[in-house]
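Please read the structure below before turning to the comments.
The values are calculated or read from the model by the stated rules, or taken from the named source; none is laboratory data. Remember, predicted model here, so these are calculated numbers, not experimental data. Reconstructed Cβ throughout: ideal geometry from the backbone, glycine too, with neighbour counts over all protein chains shown. Ligands, DNA and RNA are stripped out before the accessible areas are found, and what is left, the full protein with its side chains, is counted by its heavy atoms. Shrake-Rupley method; radii C 1.70, N 1.55, O 1.52, S 1.80 Å.
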Amino acid sequence: MDLEGGTRRNSSKKDSWRTVLTLAYQSLGVVYGDLSISPLYVFRSTFGEGIGHSNTNEEIYGVLSLVFWSVTLVPLVKYVFIVLRADDNGEGGTFALYSLLCRYAKVNSLPNCQLADEELSEYKKDGCGGGVSNGKGFAFRLKSTLEKRKVLQKFLLVLALIGTCMVIGDGVLTPALSVFSAISGFELSMSKEHHAYVEVPVACIILVGLFALQHFGTHRVGFMFAPIVMAWLFCISAIGIYNIFHWNSQIYRALCPIYAFRFMRQNQTGGWMALGGVLLSITGSEAMFADLGHFSQLSIQIAFTSVVYPSLILAYMGQAAYLSRHHDTEHAYHFGFYVSVPEKLRWPVLVLAVFAAVVGSQAIITGTFSIIKQCSALNCFPRVKVVHTSSKIHGQIYIPEINWLLMILCLAVTIGFRNTQHLGHASGLAVITVMLVTTCLMSLVIVLCWHQNVFFALAFVLFFGTIESVFFSASLTKFLQGAWVPIALAFVFITVMYVWHYGTHKKYEFDVQNKVSINWLLGIGPSIGIVRVRGVGLIHTDLVSGIPVIFSHFVTNLPAFHQILVFLCIKHVPVPHVRPEERFLVGRVGPRNFRIYRCIVRYGYRDIHKDDVEFENDLLCSIAEFIRTGSIGISSNDEVEKHDKMTVVGTYSSQTILRCSDNNSDNNVDNVDSEETSSELKEIKSPQVNQQKKKVRFLVPESPKIDTEAKEELEEVMEAREAGIAYIIGHSYMKAKPGSSTIKKIAINFVYEFLRRNSRAPSFVLGVPHASSLEVGMMYQV
C-alpha cells in the first residue's frame, strides 16, 4: 500500500472523466442506498398519523407535493449545489466543517497547535485568501468574537459533537428501518400472526450479514452493491412510469406547491405531525456529504442529478397515482409501497428491495466510520483501530470495534421496536438533527471561509433552518413513540466524546505547566553525573516546546540517557492531509554538542501512519537533512540562540539532496558510476540484523558547504543508529486533584480512565518493538 501518494486521490490534479464516472457508479452503491429505498416507507409513515384519504385526493396530492419539494430543496439544492462545495480539501461531514472553522477562526480544539502549522499548503483552501484579516466588516468581528470567547468555542465544539453523535445514532437506526421496510412485503402473502413471527428473525439475519460484509471495504462493497441500486432505481422508476400512465396521468399537477399549503391548512395539527413521515424522504442526504472523502464532489453530483433524483420523483409520483385511484384503507398496508407494484412483479421486487435495503444501510455505516476517524484524530473520540481497505482511495476505511458495536445496537432496536413506525420516528429525529447542525456550521463557513456577504449566510440559515426546524419540531412530538432512542444514544456518545476531549486537554495542560526549561538540562548534568550511553533515544511527548516532565522524572531517577536524544511529538493538525515534504519539523534542544533534537511529526486527520521501520528511517533521515542544511551559514555563536528554531523537513522519499533508502531498493547503488560515487558520496550502512527488515542507508554529499562539525555530527548520528534505537514512552495515570468537584472526579477518575485503559494506544506506541521500549509511569493530578 502506498501510504503517501497513492492514497491521496483528492489532489490538485483533476480526475479524468473515466475516473469520475467510475466513482459516480460506485457512489450509487455506497452513498445513495438510503435515499433510494425511502419510497418503501414514506407514504406509509406519513398516512400512519391519522391522515384521511378522501375521494378528492387532496391528501395524496398534498403529501406528494411536500415530498417533491422536500427532496428538491434539501438533497438537491442544499447538499448537491451548496454544502458539497464546503469540503475540507476533499473531505466532508460535520467534522470537516468544524475543521474548516478551526483553521479560519482559530477555534482549534487541538492544544499543541503552532504557527508553523498555518504554513502547510493545505491549511488554506484555494481562492479563500485573507478576506477576514483586513480588520473590517462583519466577518472580521465574528472571527474576533469566536477567538476571544471560550464559551462560544466550547459551544461550537458541542454543536459538532451533537451532529457527530446523531450520525452514529442514524448508523444504528437506518439499517433496522431499511431492512424492516423491505421485508414488510411478506404481509401481502401471509397472515398478520405469521408475519409477526417471520419479520424479526429474517431482519436480524440480514443485518448480521450486512455488518459481516464491512471488512471487505468500501471499494469492493461499492462495486458489489452499485448494480443492485442501479437495478432498484430502474425498477421503481419503471413502476412509477407505469402507474402514472395507467392510473392517473394528471398526477404531475401535485408538484405545484399550492397543494402542500392546502394540505397543511386543512389538516393543521395532523398535517404538522405527518411531516415526520415526509422527513423520511430525505434521510440519507447527509451521507452525500459525510461520504465525500470516499469519492469526489463531481461524481456524487452526477450520480444524484442524473440517476437518483429523477428515479425517486417518478417512484413517488407513481405511488401517488396508484393511491389516487384506490381509496380502500381497510388494511394497514394500503399505503405501503408493495400495493402499488403490479401483482406479477411483487415477489421479484420484494427480493430486489431486500437487497436494496441492505445497500441502503451501507451509506450511513460508511459515513459513521469516516466521521469517527476524524473525531479520533482531533482528540474527540477514544482511539480505535482503523483499517484502510484501499491502496488507491485514502478515505475508504473500516473500524472493527465500531462495526460490531453498531451491529449489536442495531439488533437491539430491531428486536425491541419490531415496528417500522417507531423506527421511522427515531431515524427521522437523528437525521434532521444532523441537518440542523450542518446548516448552522455552514452559515459560519459561508462568512468566515468563503468570505461571502453576511446576508447570503443569513438567507441560507433562515431558509433551510426554517424548513428543518419545522421537521425537527414534528419529530420531537414522537418522543415517546421511538424518538427517544437517538436522544439517549447521543447523550451516551457525547458524554464519552466530551470527557475524552476534556481529559486529553487536561493531560496536555499538566504537561505544559510542569515542563522544564533547557536551563534545567544544562545545569543538572554536573550535579548528578549524567552518563551518555550509545544509541538513539526517542522520547514520545505531546509537547511542541520545552522538556517533558516524563523525561525529568526519568533522568532524576536514572541519570543516564542516549548519545543522540530526540524529543518526538506526533500530532494531528486540522487538515485532511499533510504532504510528505512538510511532514517533519526538526530543531535542536540546547547547543550542538548536546546532540539533543526535537522532531514534530504532523499528520492530517485522514493521513495513514507508517509502520515503525519506515517511520524510523524517515525520522533519522529528517534529522540528518536538518544537520546538513542547518550547518550552512550558522556560526557557533548563533547555535544557542537558534536551538528553539524549527525547520520543515520532508520524508526521505521527498528528499533529493540527502538521499535515504532501504537495502531492498538500493541493491543497485553499487552499480552507480564509480567515479561519481567515490567523489561525491559517502555511504554509512546500518548493521546487519537477523530478521528481514528495511535497513536505512544515508548517502551524505561530500560538499565543501558542509563544515567539519556537521560531518562529525552526521557520523555520530549514524553510529548511534547502528547501536540501536530505544523508545522511552510515558505511561500516565490521571486523577482529579483533591478538592475537585464531584462531577470532575467522576469524569476524570472513572470515565476517562476507563476509556483510556480500554482504548488503543497511539499508533506510534503500537509499532514500537517490545525489546526496545521503556515505559515511564507517572501519576498526573489535574
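See the values below:
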{"read-out": "Out-of-range pairs (alpha-carbon distance over 28 Å; input Lys478/Lys506; Lys78/Lys143; Lys78/Lys373; Lys78/Lys148; Lys154/Lys373; Lys106/Lys571)", "value": "Lys478/Lys506; Lys78/Lys148"}
{"read-out": "Net charge dipole size for the range 38-92 [Lys, Arg +1 and Asp, Glu -1 on Cβ; Debye, nearest 20]", "value": "100"}
{"read-out": "Relative packing of 18-31, 428-441, 457-470, 494-507, which averages over residues the other C-beta atoms within 10 Å, highest first", "value": "428-441, 18-31, 494-507, 457-470"}
{"read-out": "Other-chain or far-sequence residues with amide H under 5 Å of Gly537's (modelled H)", "value": "His562, Ile564, Leu565, Val566, Ala726"}
{"read-out": "Accessible area of the range 354-433 belonging to carbon and sulfur atoms, whole % at 1.4 Å probe", "value": "66"}
{"read-out": "In nm, spacing of pseudo-spin labels at Val470 and Leu73 (7 Å Cα→C-beta vector)", "value": "0.5"}
{"read-out": "Interatomic Cα distance distribution for the range 222-343, bins of 5 angstrom, percent", "value": "2, 9, 14, 19, 20, 16, 10, 7, 2, 0"}
{"read-out": "Residues whose placed amide H lies under 5 Å from that of Arg588, excluding near-sequence neighbours", "value": "Arg598, Lys645"}
{"read-out": "For the range 419-451 and the range 141-155, distance of Cα centres in Å", "value": "22"}
{"read-out": "In nm, spacing of pseudo-spin labels at Cys204 and Lys154 (7 Å Cα→C-beta vector)", "value": "4.4"}
{"read-out": "Protection proxy ranking, peptides 54-66, 282-294, 368-380, average beta carbon neighbours within 10 Å, highest first", "value": "282-294, 368-380, 54-66"}
{"read-out": "Relative contact order, percent, the range 236-377 [alpha-carbon distance under 8 Å, six or more residues apart]", "value": "42"}
{"read-out": "Ordering of 475-483, 32-40 by packing [mean C-beta count within 10 Å, highest first]", "value": "32-40, 475-483"}
{"read-out": "Net length gained if the chain between Arg418 and Thr477 were fully extended (0.36 nm per residue, minus Cα distance)", "value": "19.2 nm"}
{"read-out": "For Glu775, residues with placed amide H under 5 Å, excluding near neighbours", "value": "Ile729"}
{"read-out": "Where the Cα pairs of the range 18-77 fall when distances are cut into 5 Å bins, in %", "value": "4, 14, 18, 20, 15, 11, 8, 5, 3, 2, 0"}
{"read-out": "Charge dipole of the range 720-782 about the Cα centre (unit charges at C-beta), most positive-ward option of Ala720, Thr742, Ser772", "value": "Thr742"}
{"read-out": "The range 368-517: translational diffusion in µm²/s, Stokes-Einstein, Kirkwood Rh over Cα pairs, 10 °C, 1.306 mPa s", "value": "86"}
{"read-out": "The range 506-600, accessible area per residue, ligands and nucleic acids excluded (1.4 Å, Å²)", "value": "34"}
{"read-out": "The range 536-599, accessible surface, carbon-and-sulfur percent (1.4 angstrom probe)", "value": "53"}
{"read-out": "Accessible area expressed per residue, the range 335-394, with surrounding protein chains retained (probe 1.4 Å, Å²)", "value": "31"}
{"read-out": "Contact order normalised by residue count of the range 427-556, Cα under 8 Å, 6+ apart, percent", "value": "23"}
{"read-out": "Of all accessible heavy-atom area on the range 198-337, the percent that carbon and sulfur account for (1.4 Å)", "value": "67"}
